[in-house]
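The values are calculated or read from the model by the stated rules, or taken from the named source; none is laboratory data. None of the values given here were measured: they were computed from a predicted structure. Every residue, glycine among them, receives a Cβ derived from its backbone with ideal geometry; neighbour counts consider all protein chains shown. Note: accessible area is taken over every heavy atom of the protein model, side chains too, but ligands, DNA and RNA are not part of it. Shrake-Rupley method; radii C 1.70, N 1.55, O 1.52, S 1.80 Å.
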Amino acid sequence: MIPVHGFEGKTVAVFGLARTGLAAARALQAGGAQVALWDDRPAAREAALAEGFTLTDLNSADWWSFAALLLSPGVPLTHPTPHWTVDRAKAAGVEILGDIELFARAVNAAPEHKRPKVVAITGTNGKSTTTALIGHICAHAGRDVRVGGNIGFGVLGLEDMHGGAVYVLELSSYQLDLTSSLKPDVSILLNISPDHLDRHGGMEGYVAAKRRVLLNQGKGDTAVIGVDDPYGQRICTEVVAANRRTIVPVSSSKAIGRGVYVLQGLLYDATGERAVEIADLLRARSLPGRHNWQNAAAAYAAVRGLGLSPEEAAEGLMTFPGLAHRMETVGQIGKVRFVNDSKATNADAARQAMSSYPKFYWIAGGQAKAGGIEGLGDLFPRIEKAYLIGEAAPVFADVLSGKAPVSECGTLERAVQRAYADAAASGQDAVVLLSPACASFDQFADFEARGDAFRAAVAEIDQPVSQGARA
C-alpha cells in the first residue's frame, strides 16, 4: 500500500467502506493517523469489522475532533443534495478529501528520486479500456506499472511508490470532484457527453469536474484531449491558448493538423513534421470499432509522453488482450457468439458496441439514465430483436415499438435464454449483445456483477449443449 502521511496523531473520519474507503483507511493508519470508520449500510460495516477495523458512529461523533473527512466517491458531495456527513464536516470546518487527493499529496511530498510518473485518464466513455491499454503497453515494454483508481484496486492499495514506477489511474467525475492537487505527468480527457448530471447539478458541473484532470499541469507535462465531440474541441482550444504544457489532440475519425489520429483503421502520429503511420488497428482484435480507435490513439499519445518509442507503443497496442465487460466475447455456442458489454451504462457507451455489429440480438435495460435510448434510433434497424430487463424495460419497449421486435424478459437469465433460442433458430452467424445502456443498480451490485451474471447464464446454456455433444 501507499502510506499517507500528514495526519500523524490526528483522527480522520472515513465514510463509505467499500474498496476505496477501506484501502484509504489502511493507508492512513500506516501513515500514523487514527481513523473513525462508518457506513450507512450494515453489510459494509460488518465487512469492515471482519477486517479488524473499529467502527465509530459518525452520526453521534464529535466532528470538531476530526482533522479531515475521507469521503467515498459514490457519496453525494453537492448534488442532488449533500450527504449528511458533508454537512457535518462543513459545519465543523473539517476538510473533505477523496482517496485520489491523498495519493496526490503523497506524490507531491515525495523526494524527487522517489516520485513516480502518473497518468490520469477520464472521459464519459472508454476510460477503463484506455487505462488498461496504457497499463498493458507499459508492462509489455518492461516498465514497472501499477493500474488502479476507478478500475481494479483503490489507488492507495497499490504498491508503494518509487522513482521508476508508473501509476496509471482511471478517474471518475466523482473522484475528480474530491481532488485538488493532483498533477499528472500525462492527463487524458477522452470525450464528454451527458452523464451523471444529477450528481453535478447539470452539464456545466459535469464538464467542470472532468476538466479538473488538467488542473495543475505545467511545463513538461502532457495533456491528451479527444476532439471528436464539441466539449473536447472547446477544452482543447482553451488549453492550447494557455500554452503551459504539451498538448496532443486525438481523433478517431479525421486527420488533424497536429496530434494523433485514426483514418480507416490506420493510426497516424502527426506530432512531428509529417504524419507517420504507426499501426493498422484493423488487425488489433481486441480494439474493434471507432470508439476503440480513440482509446488506442489516446493510449499511444500517453505512452509517447512517458518516453516509450513508437515501436514499443505499436507492439503493445497489437498485443492488448482486451478488457472484461467491454465488448468481451464470453462464449460461442454453435453459430451464436455472446458479447458482454455490461460496462455500457449509458446510451453513448452502448452506441459504441451497437455500431460495431451489422445485426445483433440486443439485451438492454436496468436503471435508466437521463435521455434513455431515444438517441440510438439510427441503430434500431440493426436490432434483430431486443430482450429487455429491469426497471427500464417498459419504457424501452415503448421507444422500440414498431421499430424492432421486443421481448420483455424481466431478468437477465431469461433474456439470455430467449436471445439464444432466437439466434440459434435463425441458422445464421449471430451475436447476442449485452449492452444495457443503463446502470445496474436495480438488479445488481455493479456492472461487473451484471457482466458476471451474463457469463454465468451463457455457461448454463452451454453446459447441456456440451454434455449432449459428448453423449
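Run the 1.4 Å probe and let me know the accessible area of Y420, rounded to the nearest 10 Å².
Accessible surface of Y420 is approximately 50 Å².
When only the heavy atoms of the protein chains count and the probe is 1.4 Å, how do H162, H5 rank by accessible area, highest first?
My answer, sorted largest first, is H5, H162.
FRET efficiency for A456 and R244, Cβ-Cβ distance as r, R0 = 45 Å, nearest 0.05?
The pair A456/R244 has a calculated efficiency of 0.35.
Compare the peptides 336-346, 86-96, 351-361 by average per-residue count of other Cβ atoms within 10 angstrom and give them in order, highest first.
Ranking, from highest mean packing down: 336-346, 351-361, 86-96.
Just add up the charged neighbours of L55: K/R +1, D/E -1, any other residue whose Cβ is under 10 Å from the Cβ of L55.
Charge balance in the 10 Å sphere: -2.
Computed from the coordinates I sent, semi-axes √(5λ) of the Cα gyration tensor in Å equals one of (i) 36, 25, 19; (ii) 39, 27, 17; (iii) 37, 30, 21. Tell me the label.
(iii)
If you take every DSSP beta bridge fully contained in the chain, what fraction is antiparallel? Give it as a percent rounded to 5.
Expressed as a percentage, antiparallel bridges in the chain total about 20.
Per the helix-only calculation at 222 nm, which mean residue ellipticity applies to the chain, given -39500 (n - 2.57) for every DSSP H run of n ≥ 4 and division by its residues, nearest 500 deg cm²/dmol?
One gets -10500 deg cm²/dmol as the mean residue ellipticity at 222 nm.
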